Amino acid sequence: MTECERIRDLLPWYVTGKLSSADTAAVAAHIQSCDACRQELAEVVWVRHTVSAERSELPAVRQRVWRRVMTRAGFRDVAHVDVGSFLVGFRLGANARRPGSPVRASLRVMGRNVRIVGSQRKEEGGTTEDSA
Amino acid sequence: MRTDEALLWAIGQADRAAFQELYDRHADRVYRFALSFVRNGPLAEEVLQETMLAVWKQADKFRGSSKATTWILGIARNQAHGLLRREKRGERLPEESTFEADPAEVAEIDVRVKQALESLSSEHQEALHLVFYEEMSLADAAAVLGIPEGTVKSRLYYARKALAKELL
Ligand SMILES: [Zn+2]
């Protein structure tokens, strides 16, 4: 592999600033003196610009898919509840409802069983919602 | 702010709040990565959905030997490729809710650029996206793609040359 080929392979990370300082210095020194690699560098800069042109956020996609993830994970009613609410998502076993009794069963959270022994698991806000 | 790794550990303990935090942090990234080679809003959303479900189910398998972002995008890549394969074989069942992606949400790129990117193989598209859009290091990109670093380099080179040929 020629020095030019080695440098050429590093150019994408030279442009995004992801090279070690040694490699960065090597690339910088090489393109000072090599027309062909300077040309390659210009092309890499152009490709980067082309590929990363758009960086806006996607709130609608995020929320829509979150509701579907919740539903698929086992929450039938979640689609009608505000995203971010801590009220949804907890299905306690029957014995968990008895006041004062420690929860010994497992708690079904979003389609997954979480074993709870002795004390009730508290989420932020401490709110749970039973399902029959 | 909790680190991604701390969130994954908490998700492994079925912590829903942690899951939502991780979701909010990575959803756009996963969606855009999927979109970079699926090139179809609804399909990319399906990839996001399946990826996050897999994260929920497998968070306790995350070992911390890789970065969380690398791990999540690796899952997304498997989901996306699986989806494309099933679609090609005509096995994929359509999601119940069909909808048109809001055009304002799909990256607004020049039509010519869009066509040129679409003409690349998915291997070339995803490599371009990870390195230039996500600005991943060579090692991280290789980890997500599951290929040697040398292959990442050559894919980027050929993808760049193909784009230049189309557009310059
Ligand atoms: Zn050179």
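The values are calculated or read from the model by the stated rules, or taken from the named source; none is laboratory data. Since we're looking at a predicted model, the values are computed, not measured. Quick reminder, even Gly has a Cβ in these numbers, built from the backbone with ideal geometry, and neighbours come from all protein chains shown.
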field: Listing of helices (runs of 4 or more DSSP H) fully contained in region A:1-111 that carry 3 or more residues being modelled with pLDDT of 85 or more and at the interface with chain B (Cβ under 9 Å from one of its Cβ atoms)
entry: A:3-15, A:35-51, A:59-72
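Would you call B:Lys61 under 30 Å from B:Val113 (Cβ atoms), over 16 Å from the mean Cα position of the chain (by Cα) and not assigned by TED's automatic domain parsing to the domain that holds B:Ser122?
Details: under 30 Å from B:Val113 (Cβ atoms): no; over 16 Å from the mean Cα position of the chain (by Cα): yes; not assigned by TED's automatic domain parsing to the domain that holds B:Ser122: yes.
So B:Lys61 fails the test.
Whether any residue in region B:34-49 is closer than 23 Å to B:Lys61 by Cβ, in a helix (DSSP H, G or I) and in contact with a Phe, Trp or Tyr (Cβ under 7 Å, 6 or more places away or on another chain) is what I want to check. Walk me through it before giving the result.
So in region B:34-49, the residues closer than 23 Å to B:Lys61 by Cβ come out as B:34, B:46-49.
From the residues that got through so far, the ones that are in a helix (DSSP H, G or I) too are B:34, B:46-49.
Then drop every residue that is not in contact with a Phe, Trp or Tyr (Cβ under 7 Å, 6 or more places away or on another chain), which leaves B:48.
Within region B:34-49, one or more residues are closer than 23 Å to B:Lys61 by Cβ, in a helix (DSSP H, G or I) and in contact with a Phe, Trp or Tyr (Cβ under 7 Å, 6 or more places away or on another chain).
Which one is farthest from B:Glu135 (Cα to Cα) among residues in region B:9-44 that are of a type in the set (A, V, I, L, M) and within 18 Å of the chain's Cα centre (by Cα)? It would help to see each step written out before you state the result.
As a first pass, look at region B:9-44 and keep what is of a type in the set (A, V, I, L, M): B:10-11, B:14, B:17-18, B:22, B:27, B:30, B:34-35, B:38, B:43-44.
Filter once more, so that each one left must be within 18 Å of the chain's Cα centre (by Cα): B:22, B:27, B:30, B:34-35, B:38, B:43-44.
Details: B:Leu22: 20, B:Ala27: 17, B:Val30: 14, B:Ala34: 16, B:Leu35: 16, B:Val38: 20, B:Leu43: 24, B:Ala44: 20 Å.
Taking the candidates together, the pick is B:Leu43.
If I ask for residues that are more than 16 Å from the ligand (Cβ to nearest atom) and not polar (S, T, N, Q), which ones from region A:4-18 would you list? Step through it out loud before you land on a result.
Start the filter on region A:4-18 by keeping residues that are more than 16 Å from the ligand (Cβ to nearest atom), which leaves A:13, A:16-18.
Residues satisfying the conditions are A:Trp13, A:Gly17, A:Lys18.
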Subset of region B:19-42 that is facing another protein chain (nearest Cβ under 10 Å) and among the small types (Gly, Ala, Ser) - its residue that is surrounded by the fewest Cβ atoms within 10 Å (Cβ to Cβ): B:Gly41
- request: Collect the residues in region A:1-22 that are crowded, with 16+ Cβ neighbours inside 10 Å and not hydrophobic (A, V, I, L, M, F, W, C), keeping them in residue-number order.
  value: A:Arg8, A:Asp9, A:Pro12, A:Tyr14, A:Thr16, A:Lys18
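Restricting attention to region B:45-58, and to residues there that are at the interface with chain A (Cβ under 9 Å from one of its Cβ atoms) and in contact (Cβ under 8 Å) with a residue 40 or more places away in the chain, which single residue is farthest from the chain's Cα centre (by Cα)? If you could, list the steps in order and put the result at the bottom.
If we filter region B:45-58 for residues that are at the interface with chain A (Cβ under 9 Å from one of its Cβ atoms), which is where we start, we get B:45-46, B:48-50, B:52-53, B:56-57.
From what's left, in contact (Cβ under 8 Å) with a residue 40 or more places away in the chain: B:45-46, B:56.
Details: B:Glu45: 11, B:Glu46: 11, B:Trp56: 17 Å.
Looking at the filtered set, the residue picked out is B:Trp56.
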statement: The number of residues in region B:1-17 that are farther than 14 Å from B:Asp60 by Cα and not in a helix (DSSP H, G or I) is 3
statement: With criteria (1) touching a Lys or Arg at 6+ places or on another chain (Cβ under 7 Å); (2) within 16 Å of the ligand (Cβ to nearest atom), A:Ala29 comes up short on (1)
message: If I go through region B:138-163 residue by residue, how many of them are of a type outside the set (A, V, I, L, M, F, W, C) and surrounded by fewer than 20 Cβ atoms within 10 Å (Cβ to Cβ)?
response: 9
- prompt: Residues of region A:32-57 being closer than 16 Å to B:Tyr157 by Cβ and either surrounded by 15 or more Cβ atoms within 10 Å (Cβ to Cβ) or more than 11 Å from the ligand (Cβ to nearest atom) (or both), which ones?
  reply: A:Cys37, A:Glu40, A:Leu41, A:Ala42, A:Glu43, A:Val44, A:Val45, A:Trp46, A:Val47, A:Arg48, A:Thr50, A:Val51
